[in-house]
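A short worksheet on the structure shown next.
The values are calculated or read from the model by the stated rules, or taken from the named source; none is laboratory data. Here the structure is a predicted model, which means the values were calculated and not measured. Please note: Cβ atoms are built from the backbone with ideal geometry, for glycine as well, and neighbour counts cover all protein chains shown. Just the protein is used for accessible areas: all its heavy atoms, side chains included, with ligands, DNA and RNA removed. Shrake-Rupley method; radii C 1.70, N 1.55, O 1.52, S 1.80 Å.
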Amino acid sequence: MDGDLITLAAANAAFVGSHFAMSHPLRAPLVKALGAGGFTLAYTVVSFATLGWVAHAFAVAPGADLPGSGEAGWIVATIITWFAMVLLAGSLIGNPALPTPMAEAQARAEPKGVFRVTRHPMMWGIGLWALSHMVLFWSTRTMITAFAMGVLALVGSKLQDGKKAKLMGEAWAEWSSRTSWWPRLGQFFSVGAVPLAAGTALWLAGSWVHLWHAGIPAGVWKWL
């Protein structure tokens with residue numbers, strides 16, 4: 001494998017591995033040693049440093065070196081990305097997985113919006129975004145990075161279930177019993193007008209920025 005791709009794989013492993021380690025086995029000892037504020041600072045520094053390494057390694061790795069999946073791949077990727085953005089946009093409201101004093105009350109409430117689809121809409125949004133890039137089969141560097149982000153999101157959501165069960169006890173157990181880890185696609189169009197509108201706007205804006213940032217037209221802009 002090309003040396004730059006090996007570096008990229010190492011950077012992604014460092015980014016994902018440090019997230020898992022600092023969010024789970026190392027969290028308690030680090031908080032004890034550094035205090036809550038010190039831990040947050042350390043977590044932030046490590047996250048940005050490793051993400052910066054990923055960005056740099058991605059930029060210098062070889063570009064389009066795979067055959068691609070053609071027009072069909074672009075259509076599938078565009079649809080997947082729309083689903084992802086709707087889940088991501090809807091995850092910002094009423095999410096008991098986020099650090100908020102209202103988390104327990106939210107977990108005991110009846111699931112609505114994107115939580116009818118999955119209790120981890122943010123994680124699945126990121127995971128589906130990663131899948132949309134892998135479907136294109138555009139470059140090895142994209143496959144490596146998208147796979148790593150997908151692992152971070154979906155394995156992370158499973159680990160988050162375990163952590164929240166310990167922290168929130170019965171409230172999270174109730175939430176888990178009324179929601180699904182796997183997306184219930186049949187519930188997608190029942191999420192409500194706000195998540196659908198916000199997600200669609202995010203999808204259109206993000207795919208437009210893709211042209212400016214990556215120089216490649218994406219989403220519906222590819223055909224307009």
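Anything in the range 184-203 that is assigned to a loop (DSSP other than H, G, I, E, B) and open to solvent by less than 70 Å² (accessible area, probe 1.4 Å)? List them, or say none.
Result: VAL191, GLY192.
Do you know which residues across the range 13-46 are surrounded by 13 or more Cβ atoms within 10 Å (Cβ to Cβ) and not in a helix (DSSP H, G or I)?
Hits for the range 13-46 are HIS24, LEU26.
Please go through the range 83-117 and pick out each residue that is crowded, with 20+ Cβ neighbours inside 10 Å and either touching a strand residue (DSSP E or B) at 6+ places or on another chain (Cβ under 7 Å) or of a type outside the set (Gly, Ala, Ser) (or both).
PHE83, MET85, VAL86, LEU87, LEU88, ASN95, PRO96, VAL114, PHE115, ARG116, VAL117
Every residue in the range 96-117 that is of a type outside the set (Val, Ile, Thr) and outside any loop (DSSP other than H, G, I, E, B), please.
Scanning the range 96-117 gives ALA103, GLU104, ALA105, GLN106, ALA107, ARG108, GLY113, PHE115, ARG116.
From GLY73, GLY127, grab the single residue that is farther than 21 Å from GLY156 by Cβ and in a helix (DSSP H, G or I).
Going through GLY73, GLY127 in turn, just one is farther than 21 Å from GLY156 by Cβ and in a helix (DSSP H, G or I): GLY73.
Could you tell me which residue of the range 205-224 is surrounded by the fewest Cβ atoms within 10 Å (Cβ to Cβ), considering only residues that are in contact (Cβ under 8 Å) with a residue 12 or more places away in the chain and under 30 Å from GLN160 (Cα atoms)?
GLY206
Which residue pairs have Cβ atoms under 7 Å apart, sit 6 or more places apart or on different chains, and have a first residue in the range 68-87 that is of a type in the set (S, T, N, Q) and a second that is in a loop (DSSP other than H, G, I, E, B) and open to solvent by less than 30 Å² (accessible area, probe 1.4 Å)?
SER69/LEU136
Using the structure shown, decide if ALA146 is part of a helix (DSSP H, G or I), without any contact (Cβ under 8 Å) to a residue 24 or more places away in the chain and touching a helix residue (DSSP H, G or I) at 6+ places or on another chain (Cβ under 8 Å).
Considered against the rule, which asks whether it is part of a helix (DSSP H, G or I), without any contact (Cβ under 8 Å) to a residue 24 or more places away in the chain and touching a helix residue (DSSP H, G or I) at 6+ places or on another chain (Cβ under 8 Å), ALA146 comes out as yes.
Of the numbered conditions (1) surrounded by fewer than 14 Cβ atoms within 10 Å (Cβ to Cβ); (2) at pLDDT below 95; (3) in a helix (DSSP H, G or I), ALA49 satisfies every one except a single condition; which is it?
(2)
Scanning the range 159-183 for residues that are in contact (Cβ under 8 Å) with a residue 24 or more places away in the chain and part of a loop (DSSP other than H, G, I, E, B), which turns out farthest from the chain's Cα centre (by Cα)?
So the residue we want is THR179.
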